[in-house]
Amino acid sequence: MPAANAQASESGAQAPAHVAHPKTIKSYVKRAGRTTTGQAKAFEDLGPKFLLKYAPQPLEPQAAFGRAGRLILEIGFGMGEATAHIARVRPDDNFLCCEVHEPGVGALLKRIGEQEIANIRILQHDAVEVIDQMLTEGCLDGIHIFFPDPWHKKKHNKRRLIQSPLIAKLVGRLKVGGYLHCATDWQPYAEQMLEVLSAEPRLANSALDAGLQGYAPKPDYRPLTKFENRGLRLGHGVWDLVFHRVAA
């Protein structure tokens, strides 16, 4: 589920009930859910270190992570299973992760503590505002958007996250040579993603470079989640798209 809009409080333990968000593009959908005792404890114990405060000013990655490293933006990490795995297998990279769903943020904080992960920072805020206000041109080495809400009904397709205006914003924040990796298990959305990404002149499809038609093999760093494994057993497809920033 895509990233979100609730900003962490000063203690990192609770989010305010309402934060204004842009009306043109939303990077999230509000979902019901209860924060467990373990997740609440993770907010309390780990929030002060791993939750960043949203501020309408440029992020200083080295200060935020306490070290230099390639900066990867993730938009919408759900319950954080894949995020934690990727951060562990790529310890030299820094992962800036946006999500508003409070149980999901709590679950990732809990994983961070249990797995002793140091290279994740979380912004519990709408990713679009983060992109607009906190990320400077060419600051990102990579972007992950895994399984955003597909909005299955045709009349709701306009609510999908992967659309040209947002992609243009994201590409502007990518370094030349940086990558954008999207994944979905809904074929009509995969087709839309391929169309939108292919239409952006500053992106090149890595699958075509490898002689493939449109979709990329799943990169080794992205794990199969329990949900995805269940879908594959039922015969459902999963589509990965990996594009790289080229000079304009």
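The values are calculated or read from the model by the stated rules, or taken from the named source; none is laboratory data. It should be emphasised that the depicted structure is a prediction, and the values quoted were computed from it without experimental measurement. As a convention, Cβ positions derive from the backbone with ideal geometry for all residues, glycine included, and neighbour counts pool all protein chains shown. Side chains included, ligands, DNA and RNA excluded: accessible areas come from the protein's heavy atoms. Shrake-Rupley method; radii C 1.70, N 1.55, O 1.52, S 1.80 Å.
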**Complete:** If we keep only residues of segment 211-248 that are modelled with pLDDT under 80 and hydrophobic (A, V, I, L, M, F, W, C), then the residue surrounded by the most Cβ atoms within 10 Å (Cβ to Cβ) is 227
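From the set of residues in segment 66-81 that are out of contact with any His (no Cβ under 6 Å at 6 or more places or on another chain) and open to solvent by less than 20 Å² (accessible area, probe 1.4 Å), which is nearest to residue 116 (Cα to Cα)? It would help to see each step written out before you state the result.
So in segment 66-81, the residues out of contact with any His (no Cβ under 6 Å at 6 or more places or on another chain) come out as 66-73, 75-81.
Imposing the further condition that a residue be open to solvent by less than 20 Å² (accessible area, probe 1.4 Å) reduces the set to 71-73, 75-78, 80.
Numbers: 71: 19, 72: 19, 73: 20, 75: 22, 76: 21, 77: 18, 78: 20, 80: 14 Å.
Taking the candidates together, the pick is 80.
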**Prompt:** Within the set of pairs 6+ apart or on separate chains, which have a first residue in segment 43-64 that is within 11 Å of residue 130 (Cα to Cα) and at pLDDT 95 or above, a second that is part of a loop (DSSP other than H, G, I, E, B) and open to solvent by 100 Å² or more (accessible area, probe 1.4 Å), and C-beta atoms under 8 Å apart?
**Reply:** 53/10
**All positions within segment 122-138 that are outside any strand (DSSP E or B), touching a strand residue (DSSP E or B) at 6+ places or on another chain (Cβ under 6 Å) and crowded, with 19+ Cβ neighbours inside 10 Å** = 127, 130
**Request:** Six or more apart or on different chains, Cβ under 9 Å: which pairs go from a residue in segment 165-178 that's under 12 Å from residue 73 (Cβ atoms) to one that's hydroxyl-bearing (Ser, Thr, Tyr) and at pLDDT 95 or above? Could you list them?
**Result:** 173/136
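If a residue has to be among the basic types (Lys, Arg) and either in contact with a Cys (Cβ under 9 Å, 6 or more places away or on another chain) or under 19 Å from residue 139 (Cβ atoms) (or both) to count, how many in segment 66-124 make the cut?
Count: 4.
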**Message:** Suppose we filter segment 149-164 for residues that are open to solvent by less than 50 Å² (accessible area, probe 1.4 Å), without any contact (Cβ under 8 Å) to a residue 40 or more places away in the chain and within 20 Å of residue 132 (Cα to Cα); how many remain?
**Reply:** 2
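I'd like to know if segment 193-201 contains one or more residues that are more than 22 Å from residue 157 (Cβ to Cβ), of a type outside the set (Gly, Ala, Ser), open to solvent by less than 50 Å² (accessible area, probe 1.4 Å) and within 17 Å of the chain's Cα centre (by Cα). I'd like the intermediate steps shown before the answer.
Here is the first cut: in segment 193-201, the residues more than 22 Å from residue 157 (Cβ to Cβ) are 201.
Add one more test, that the residue is of a type outside the set (Gly, Ala, Ser), and what stays is 201.
The next check asks that each one be open to solvent by less than 50 Å² (accessible area, probe 1.4 Å); those that pass are none.
Checked against the condition, which is being more than 22 Å from residue 157 (Cβ to Cβ), of a type outside the set (Gly, Ala, Ser), open to solvent by less than 50 Å² (accessible area, probe 1.4 Å) and within 17 Å of the chain's Cα centre (by Cα), segment 193-201 yields no hits at all.
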**Prompt:** Of all helices (runs of 4 or more DSSP H) completely enclosed by segment 151-228, which ones contain at least 2 residues that are in contact with a helix residue (DSSP H, G or I) (Cβ under 7 Å, 6 or more places away or on another chain) and farther than 11 Å from residue 243 by Cβ?
**Reply:** 164-173
**Message:** Cβ contacts < 8 Å: first residue aromatic (Phe, Trp, Tyr), restricted to segment 203-215; second residue not in a loop (DSSP other than H, G, I, E, B), any location; separation 6+ or different chain. Result?
**Reply:** 215/190; 215/194; 215/207; 215/239; 215/240; 215/241
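If I filter segment 102-113 for residues that are on the phi > 0 side of the Ramachandran plot, touching a residue at least 24 places away in the same chain (Cβ under 8 Å) and open to solvent by less than 50 Å² (accessible area, probe 1.4 Å), do I get at least one hit?
no
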